[in-house]
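The values are calculated or read from the model by the stated rules, or taken from the named source; none is laboratory data. Keep in mind that this is a model prediction, so the values were computed, not measured. Neighbour counts run over all protein chains shown; Cβ positions are idealised from the backbone, glycine included. Areas reflect the complete protein model, heavy atoms only, side chains present, ligands, DNA and RNA absent. Shrake-Rupley method; radii C 1.70, N 1.55, O 1.52, S 1.80 Å.
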Amino acid sequence: MARRDRSAGGPVLTSGVWFATAAALLAGGWLSVGRERDGALVEPVEWSFATRIDLDTTVVAGGDLQAVKETVVSCEAEDLADADGFLIVGLIDNGAAVKKGDVLCRLDSSQLEETARLEEIQVNQARSSHTQARLSVEIARTALREYQEGQIAVLVKEYEGKIALARSDLKRQEDRLGWTETMYGKGYVSKGQVLTDRQTLAKTRHELRKIVGELHVFRRYQAPKEIAALRGEIAVAENNLVVETDRLKAAEERLAYCREQIARCTIRAPHDGVVVHANRGYWWMRPLEPGMRVYQEQKLFKLPDLGSMEVLASVHETMGPRVKIGMKAGVRIASLGGRVVSGTVVGVSQFPVENDREWDERLRHYVTRVRLDETPPRILPFMSAVVEIDTGRIADALVIPVEALEVVDGRSSCNVVGPDGPERRFIATRHATRDFVEVVEGLTEGERVEVNPSNPPRRASGPTREAGLPHERHPHAHSQT
């Protein structure tokens with residue numbers, strides 16, 4: 001873009017002329033002061049102009065590659081009450097390619113297998129008891145049918161036969177008594193014979209009434225009572241069968257649970273992919289290895305979708321508010337050398353959080369997700385990457401080289417080259433790139449600043465405060481902005 005020179009009536013410079021001029025001014029030179037001051041010769045210093053340019057600002061941050069989508073494989077075996085997790089007895093290598101169903105990890109299931117063996121014994125015993133209870137129900141039901149459909153009819157027939165026989169005997173005795181009384185009237189039989197026949201008739205009548213009474217009692221009381229008793233035996237047998245059924249079901253469920261847990265001790269791939277150990281990339285976590293103990297619901301593996309990757313970057317809290325969703329970024333992946341992959345910011349954490357990779361708890365960062373526009377081959381999660389996010393252009397910014405900036409006692413400063421040599425001046429800075437730092441207070445355009453200062457400053461001048469900057473090492477002194 002063209003910009004008019006700040007001097008009155010100055011010419012309008014084209015974009016090419018302006019940047020060429022800025023480069024020449026920023027190139028600086030060697031200022032040789034040949035005269036003595038206080039009896040000592042002032043050594044030459046390398047310097048550069050403070051000048052104005054259109055500053056393209058970026059935020060540079062490091063991070064790790066992550067898959068946009070991934071399947072997490074956890075330990076699904078439930079912790080035993082008297083055991084401390086499960087030992088790993090077999091483990092697939094990190095980064096190995098797998099097919100669906102391939103074994104990723106084997107856990108020690110010996111204790112579960114012993115429990116399953118004991119549960120199988122309990123199941124067999126419960127099955128025997130259940131079979132016996134079922135047979136008892138069938139026997140009780142058969143006994144009831146036998147009594148209702150067979151024995152009752154037989155007994156009734158027996159009683160009816162006895163009644164018929166008793167009535168026949170009664171009829172015969174009545175006829176005999178009538179004949180005896182006739183003969184007694186003619187004097188052919190004695191009175192004792194008549195009395196004997198009368199007594200026999202009374203006895204026969206009594207037997208008939210007895211048998212009829214027994215049949216009535218049987219029909220009204222004995223048969224219902226026996227039926228109720230048999231039904232009670234059926235109810236008891238059925239209740240025992242329910243108990244044994246529940247006991248068998250519980251034993252089978254315990255056995256099935258143990259077998260399921262044994263099966264879960266062999267962890268398999270849910271689909272094709274590349275295996276990534278879940279704790280890889282976190283320095284505080286012990287890496288997975290045979291002999292290590294793992295626990296229920298512990299994350300063991302990740303199967304990422306390598307077709308869509310993003311960088312989980314850590315942006316310093318002073319730079320985080322400048323990063324917005326949708327900004328473009330260049331991503332340098334360590335394994336690809338100097339290749340730059342284009343990306344887009346798709347997420348920024350709402351609040352700054354502790355950086356878990358730093359020992360200083362006072363350091364905060366914004367977790368920023370930069371999605372790659374295209375995914376190069378042969379890259380894997382947790383590979384290191386550096387993102388350079390384009391945060392926009394600042395027009396007509398007063399800048400000095402990054403090498404001219406010093407931070408002393410938490411304050412930004414630079415050495416301004418004057419007639420008597422360099423002297424320190426405190427400045428206020430705002431934005432920066434890899435090459436330039438924007439100065440918002442403390443310098444004017446055209447002043448010369450020392451580059452790569454090595455000698456202590458002679459005295460300090462200029463503003464004693466920095467606009468809105470905390471008194472700690474300024475992040476603009478680094479490549480990250």
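For region 76-82, in order, what is each residue's ³J(HN,Hα) by Karplus, 6.51 cos²θ - 1.76 cosθ + 1.60 with θ = phi - 60°, in whole Hz (x at glycine and Pro)?
9, 5, 6, 4, 7, 5, 10
For region 170-220, what does the accessible surface come to per residue with a 1.4 Å probe? Please give it in Å².
About 72 Å² of surface per residue is accessible.
Only residues of region 404-434 count here: report those whose backbone N is under 14 Å from the spot 7 Å along Cα→Cβ of E46, or say none.
404-405, by backbone N distance to the label point.
What dipole magnitude, in Debye to the nearest 20, does region 144-183 give about its Cα centre under +1 on Lys/Arg Cβ and -1 on Asp/Glu Cβ?
Result for region 144-183 is approximately 40 debye, rounded to the nearest 20.
Calculate, in whole percent, how much of the Cα-Cα pair population of region 282-347 lies beyond 19 Å.
In whole percent, the long-distance tail amounts to 57.
Would you work out which of A256, L215, V236 lies farthest towards the positive end of the dipole of region 193-273? Charges go on Cβ: Lys and Arg +1, Asp and Glu -1.
Towards the positive end, the residue furthest out is L215.
At R0 = 41 Å, how high is the FRET efficiency between V236 and E120 if r is their beta carbon distance? Nearest 0.05 is fine.
0.90
Among the listed pairs K171/K203; K171/K210; K203/K225; K69/K324; K162/K191, which are separated by more than 20 Å between their Cα atoms?
K203/K225; K69/K324; K162/K191
If I model a spin label at A395 and K225 as a point 7 Å from the Cα along the Cα→Cβ vector, what separation in nanometres do I get?
11.6
Could you calculate the contour length gain from A263 to E354, that is, 0.36 nm times the residue separation minus the distance between their Cα atoms, to one decimal place in nm?
28.7 nm
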